[in-house]
Amino acid sequence: MTTVAGAPVIAAVARYAEEELRPAAMDVDAAEVPAATIERLRGLGVLNHLAPVAFCGAGLDRDADRRLHEILSGACFNTWLVWAQHAPFVGRLAANLNSGPSPLAERLLRGEILCGAGISDVRRYPDRYVAATRTPGGWVFDGTLSWVSGWGLNEVLAVAAVDPGTAEVVTALVPVSDRTVATPLRLSTVTGSRTERVRLDRVPVADEHVLSVQSFNEWRRADAALSGDARPHLFGLAEAVLRELDAEPHAAARECAAAWRPLIARYRADAYGLADEAADTEGPHRIEERLALKVTVLEALGTLTRALTASRSGHGIAVGDRAQLLARAAQFCLVQGQSAAVRDAHLKRLTAAASG
């Protein structure tokens, strides 16, 4: 995969990922992402790499951000997930600095605190969602976030709630407090990501902490565009699997990697090209192509992780084998950030495969 010129932070993160994150990935999955890892990421400048220099950020561009996602997801998927819940909201704050940020937002922009994310439940509206009720000077959020990663590390959550009276989606920063109560989730993958279900018990949210108020249809269009892309973590994970296959003693495993590597490179180039076009175009630009490509990449990940498991023979089903770690991460990718459109596109592809 290519590197991005003019971004020394990427080289530093790559060294950290290679020397520390990758060797510890199995242990992190068995335990949890340690607080020390977040401190290292802060020290490397990647808790606010999208923030302007005025907030001590690196002001990295889209390509550099993608490389960071690829590097971290390929080295330790649990660490990537915790970090990836945080990083986009710093970028969102940086892109909307029409006036001075609130003190809480400024702490995020400066990389001083870690943010968790609770936005996906809006996809389930009106059946299940966090409710937003307007009050003088703000809102009250009440409901349950199905999952939040990084619990115990994050001091604030970015939450999307729905006003049931107007169907407007209110996205805001919610400080972690005694009104945000978590219960553990027993997951089969990303088991070290500190992912828990979080109850918001009538949490007051000041207007200064609101990031946006959108109609439900506007929010859904933006979410469909984002969830419809094959995003960088898929390619970081694919590179990690290819790397493992390259290191196998069996010639057939190395031949498999050699056959798949140019395909993954082409998918990556196509995915980023389509996403860049969409970012600069109004409306759901070539969304069917983007969905089809995402499904293709997900299927490729499944094939590659099966190849790695097969190459390890009996060792490949041991819980302590890296083949299992990567296979479970690929399974997580099937549902992470999954909209109804992504789910339908994938299931239709699988149905079509059965009929030849």
Plugging the Cβ-Cβ distance of residue 135 and residue 280 into 1/(1 + (r/R0)^6) at R0 = 35 Å yields, to the nearest 0.05, a FRET efficiency of 0.35
Ordered by packing density, taken as the mean number of other Cβ atoms within 10 Å over each peptide's residues, highest first, how do 345-355, 187-197 rank?
187-197, 345-355
Once both label points are put 7 Å beyond Cα along the C-beta direction, the residue 124-residue 303 separation in nm becomes 3.4
Under the 0.36 nm per residue contour assumption, what length would be gained going from the current alpha-carbon distance of residue 42 and residue 266 to full extension?
77.4 nm
Only Lys, Arg, Asp and Glu count, each charged at its Cβ (+1, +1, -1, -1), so figure out the dipole size of segment 199-334 about its Cα centre, rounded to 20 debye.
600
Calculate, in nm to one decimal, what residue 166 and residue 112 gain on full extension: separation in residues at 0.36 nm each, minus their alpha carbon distance.
15.9 nm
Grab the beta carbon distance between residue 27 and residue 254, set R0 = 35 Å, and tell me the FRET efficiency rounded to 0.05.
0.80
Helix 77-95 vs. the chain, principal-axis angle (Cα, 0 to 90°, nearest 10):
40
Net length gained if the chain between residue 201 and residue 53 were fully extended (0.36 nm per residue, minus Cα distance)
49.6 nm
Where 159, 53 fall by accessible area, highest first, once all protein chains stay in place (1.4 Å)
53, 159
Could you please report the charge total around residue 187, scoring K, R as +1 and D, E as -1 over all other residues with beta-carbon less than 13 angstrom from its beta-carbon?
+1
Among 325, 113, 181, the residue whose Cα sits farthest towards the positive end of the charge dipole of the chain (+1 at Cβ of Lys and Arg, -1 at Cβ of Asp and Glu, taken about the Cα centre) is 325
Just to confirm the number: angle between the C-alpha axis of helix 232-246 and the first principal axis of the chain, 0 to 90 degrees, nearest 10?
20
Using a cut-off of 13 Å between beta-carbons, work out the net charge of the residues near residue 280 (Lys and Arg +1, Asp and Glu -1, residue 280 not included).
-1
To the nearest 0.05, what FRET efficiency results for residue 98 and residue 344 with a Förster distance of 30 Å applied to their C-beta separation?
0.20
Which whole-number value in Å³ per residue fits the convex hull of the alpha carbons of segment 303-356?
86
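Where in segment 61-136 are there chymotrypsin sites (Phe, Trp or Tyr not before Pro) that are in a DSSP coil and have at most 10 other Cβ atoms within 10 angstrom of their Cβ?
none
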So what's the back-of-envelope 222 nm ellipticity for the chain, counting only DSSP H runs of four-plus at -39500 (n - 2.57) apiece and dividing by all residues, rounded to 500?
-16000 deg cm²/dmol
Summarise the long-distance tail of P(r) for segment 180-230 by giving the % of C-alpha pairs beyond 15 Å.
70
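The values are calculated or read from the model by the stated rules, or taken from the named source; none is laboratory data. Note that the coordinates shown come from a computational prediction; the quantities given were computed from them, not determined experimentally. When we count neighbours, we look across all protein chains shown, and the Cβ atoms used for this are built from the backbone with ideal geometry, even at glycine. The protein model used for the area step is the full one, side chains on, heavy atoms only, and it has no ligands, DNA or RNA in it. Shrake-Rupley method; radii C 1.70, N 1.55, O 1.52, S 1.80 Å.
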